[in-house]
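J.: One structure coming up, written as structure tokens, with questions to follow.
The values are calculated or read from the model by the stated rules, or taken from the named source; none is laboratory data. Computed from a predicted model, the values in this text were never measured in an experiment. Cβ placement follows ideal geometry from the backbone for every residue including glycine, while neighbour counts extend to all protein chains displayed.
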Protein chains: 10
Amino acid sequence: MLFHVKMDVHLPPDMDPDVRADTLAREKAYSQQLQRDGKWPHIWRITGQYSNVSIFDVASNDELHQLVSNLPLFPYMDIAVTPLATHPSDVKAG
Amino acid sequence: MLFHVKMDVHLPPDMDPDVRADTLAREKAYSQQLQRDGKWPHIWRITGQYSNVSIFDVASNDELHQLVSNLPLFPYMDIAVTPLATHPSDVKAG
Amino acid sequence: MLFHVKMDVHLPPDMDPDVRADTLAREKAYSQQLQRDGKWPHIWRITGQYSNVSIFDVASNDELHQLVSNLPLFPYMDIAVTPLATHPSDVKAG
Amino acid sequence: MLFHVKMDVHLPPDMDPDVRADTLAREKAYSQQLQRDGKWPHIWRITGQYSNVSIFDVASNDELHQLVSNLPLFPYMDIAVTPLATHPSDVKAG
Amino acid sequence: MLFHVKMDVHLPPDMDPDVRADTLAREKAYSQQLQRDGKWPHIWRITGQYSNVSIFDVASNDELHQLVSNLPLFPYMDIAVTPLATHPSDVKAG
Amino acid sequence: MLFHVKMDVHLPPDMDPDVRADTLAREKAYSQQLQRDGKWPHIWRITGQYSNVSIFDVASNDELHQLVSNLPLFPYMDIAVTPLATHPSDVKAG
Amino acid sequence: MLFHVKMDVHLPPDMDPDVRADTLAREKAYSQQLQRDGKWPHIWRITGQYSNVSIFDVASNDELHQLVSNLPLFPYMDIAVTPLATHPSDVKAG
Amino acid sequence: MLFHVKMDVHLPPDMDPDVRADTLAREKAYSQQLQRDGKWPHIWRITGQYSNVSIFDVASNDELHQLVSNLPLFPYMDIAVTPLATHPSDVKAG
Amino acid sequence: MLFHVKMDVHLPPDMDPDVRADTLAREKAYSQQLQRDGKWPHIWRITGQYSNVSIFDVASNDELHQLVSNLPLFPYMDIAVTPLATHPSDVKAG
Amino acid sequence: MLFHVKMDVHLPPDMDPDVRADTLAREKAYSQQLQRDGKWPHIWRITGQYSNVSIFDVASNDELHQLVSNLPLFPYMDIAVTPLATHPSDVKAG
């Protein structure tokens, strides 16, 4: 089941550089593990912004919330979730 | 080069049924041809709305505008285009 | 799996009275059948508005879209869907 | 009498960890007591956000304000209240 | 129990003059009856707009919705309801 | 001459408790004096929010600005002023 | 007493040309009479829009509403009123 | 003196085809004459929308309003004007 | 050439009192000098807000930006500029 | 390929003056180098605001994101990117 997730990152300008570097490293590792597990099939940077548009593939709303709320950057992000359904014109659909 | 395109369809309630059916049939055929050509790799329905989120893969802004403005539903849609870039955490990139 | 659905109804002032009455009767019958089937466990009127807040209980985004887009009033409504997850303080959970 | 209450939590990133843990523990205990008392029949997490949608069942606007403004997280939340009425299609209504 | 109700009137420019005059006359009579009954203690015109701000005094959300949705102008209005509570500095309270 | 004034209070979470208590005490005394003077005939709490809706009765815009800008909480509030006129359906008018 | 009034004109594209010409002629005459009477000391066109920003000088909110609601274009305009007070840096003030 | 002008075109779906074709032909001729005169140095299509972003070079606000309000599409457009000044980092300035 | 300028002041609550007093004194002197020079013919307080609406009379966009960006309060203000043109109904024009 | 980029700068009022001066100097040098390289053909100040409107000329979305995200002021800016296409009325277009 697919969800469209938009994430806008707002890091405080005075964030401790070590905390920042560590948070970003953990974010990247966590994201890439979910991508390899097939839970996070697409992630794109929004051009010109510290934001991304992502597609998640999960079994339930609860699983999606558990995955997203464990993101190391979660406390620093505005997140909007849009549930996606099959489009009747999709050539890849059944 | 990828673009995120959100399309919201607003058909007039009093649209002639034949015009409506013909427009929708041409829209579907046009969309599916672009999908098969690799120009429109993803199309998803936004759950609960007469809207879609799509990803286009084109060579330029001009090509994208030419493709989108030729959609049979173009006069009936609100369209928002967001240019996408490679995300540094994308496991499929480089 | 629960979804929060807000529906705002906009009927044209000059709608044919018979079409209007028939559409509303079919909407009510359809809604009540889904309520009896357990798919639509809650529906509330927003005080002072021709709008409702509803909770749907479905197996997937696709099922939700299929149910909502078949509403007789669907062409006359603005609809916003919010996916819901279990709250960690919910005494009914776990 | 039912009210729809949406709560968005905004904790300062530099909040003292002990104050934070204590506030959250008191919030949970307070919320669960109101749920057990039948004043707060539903609480759902908004997927992907530090927010909830709740239904309160109270005797008056004054009682609702007294309950909500005593939430330990009240100073850290944006709150929107929508009064709910019986929907004429509700199969559970008289 | 008090509610703040803002009503914005949007009459179609091509409304039949007799229907318009009749609707406005019934609206005025209905409003003044509710005012005399004590259900609608205040009504003010918003300066420069075809809008009003009103205070209703009712026993429940259901009563408020029943009163407001029976307004002859209801199909032509955008309406926003805000539940009011006693202010702790109100010299008339307690 | 009546004005509708909406005030949203935003106190900094780290405000000194003594300054806060003193400011609130002065705000209450100032507000109640204006109420007793007939300048501030109504004040209501917006249910669930640290906000109020008030009606002021003053001789001029200048008097209203002088009264409002002297509120001890003025530096901490977002304030919106709407001038009110007599409604033609008001049974208390004329 | 001064008020800032912004007016946005929305004439229907299919308005009868004679009605349109007559309405605009009456609007201009009415506006110029109020300007000559000193009630409407300033009127400016917003560059690039069918809108104006005006300053009215009236004795009360009721007088302002009476003047504005009698504008021949009133049914075709969105109007926003902002009450103005003396600025403490105004060299023309006392 | 430069101005940034954004124009969004909204043609009625039921516009007479001859009127439409004639209006668009006159719009194009008028726009191209102003471009050749140096008054309208840049015009770009917003990708995916029936909108443009333009730069005008005029002697005054009055000249800009006269040019823009004479556009054949003026009654069908939403227009936003932003005055531009020299940027201190512009290598072409000074 | 006239411009409508709206300025909203946001001073930090913890601003040093001496810096604050000095900034406000310089702002007032600067504003009054421009008023006396005829560059700033009108300044009004928005009733109930720490905001003003002003009219500037300058030779160009560049001159306006230079005047406004030198305001001592510039770093603390949200500013919106609207270019004004002659209104065809203005009795003072032509 | 052209892109319209709007940048709004928000420097913290308490930014260290040396850091500020150094950041601004590096921003100017970086911007001017891109201008000289033909990547950034236009930059205009928005009159009355600490903002600019720019036109970038790049080969791809990725190149644009790389150029913009390396701006020394990037952490302090809100940035909006709009892809531009050739306008059919542009006299400079083929």
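J.: Go through (1) among the hydrophobic types (A, V, I, L, M, F, W, C); (2) more than 9 Å from every other protein chain (Cβ to nearest Cβ); (3) farther than 27 Å from H:Ser51 by Cα one by one and return the number of the condition J:Val58 breaks.
T.: (3)
J.: Of all residues being of a type in the set (Asp, Glu) and within 11 Å of another protein chain (Cβ to nearest Cβ) in the range A:8-27, which is surrounded by the most Cβ atoms within 10 Å (Cβ to Cβ)? Just the residue, please.
T.: A:Glu27
J.: Right, next: Residue check: is H:Val5 in contact (Cβ under 8 Å) with a residue 60 or more places away in the chain, within 14 Å of chain I (Cβ to nearest Cβ) and more than 27 Å from B:Val19 (Cβ to Cβ)?
T.: Here the answer is yes, as H:Val5 does meet what is asked.
J.: Here's another thing I want to ask about it. In the range H:12-57, how many residues are at pLDDT 95 or above, over 14 Å from the mean Cα position of the chain (by Cα) and aliphatic (A, V, I, L, M)?
T.: So the answer is 3.
J.: Checking H:Lys92 against (1) at pLDDT 95 or above; (2) more than 11 Å from the chain's Cα centre (by Cα), which test does it fail?
T.: (1)
J.: Condition test on E:Asp57, is it in contact with a Gly (Cβ under 7 Å, 6 or more places away or on another chain) and under 30 Å from F:Ala29 (Cβ atoms)?
T.: Yes, satisfied.
J.: Separate question: Taking the conditions exactly as written (in contact (Cβ under 8 Å) with a residue 24 or more places away in the chain and more than 15 Å from the chain's Cα centre (by Cα)), does F:Ser60 satisfy them or not?
T.: Against the criterion (in contact (Cβ under 8 Å) with a residue 24 or more places away in the chain and more than 15 Å from the chain's Cα centre (by Cα)), F:Ser60 qualifies.
J.: Looking at the range D:21-45 only, could you name the residues that are in contact with a helix residue (DSSP H, G or I) (Cβ under 8 Å, 6 or more places away or on another chain) and free of Cβ contacts under 8 Å to residues at least 12 places away in the same chain?
T.: Selection gives D:Arg45 alone.
J.: Restricting to the range C:61-86, and then to whatever is acidic (Asp, Glu) and within 13 Å of chain A (Cβ to nearest Cβ), can you tell me which residue is surrounded by the most Cβ atoms within 10 Å (Cβ to Cβ)?
T.: If we take residues in the range C:61-86 being acidic (Asp, Glu) and within 13 Å of chain A (Cβ to nearest Cβ), then C:Asp62 is surrounded by the most Cβ atoms within 10 Å (Cβ to Cβ).
J.: Quick one: would you say G:Met77 is within 19 Å of I:Trp44 (Cβ to Cβ) and touching a residue at least 60 places away in the same chain (Cβ under 8 Å)?
T.: Taking the combined requirement at face value, the residue does not satisfy it.
J.: Out of the residues in the range E:29-52 that are surrounded by fewer than 21 Cβ atoms within 10 Å (Cβ to Cβ) and within 13 Å of chain G (Cβ to nearest Cβ), which is nearest to D:Ser60 (Cα to Cα)?
T.: Looking at residues that are surrounded by fewer than 21 Cβ atoms within 10 Å (Cβ to Cβ) and within 13 Å of chain G (Cβ to nearest Cβ), I get E:Ser51.
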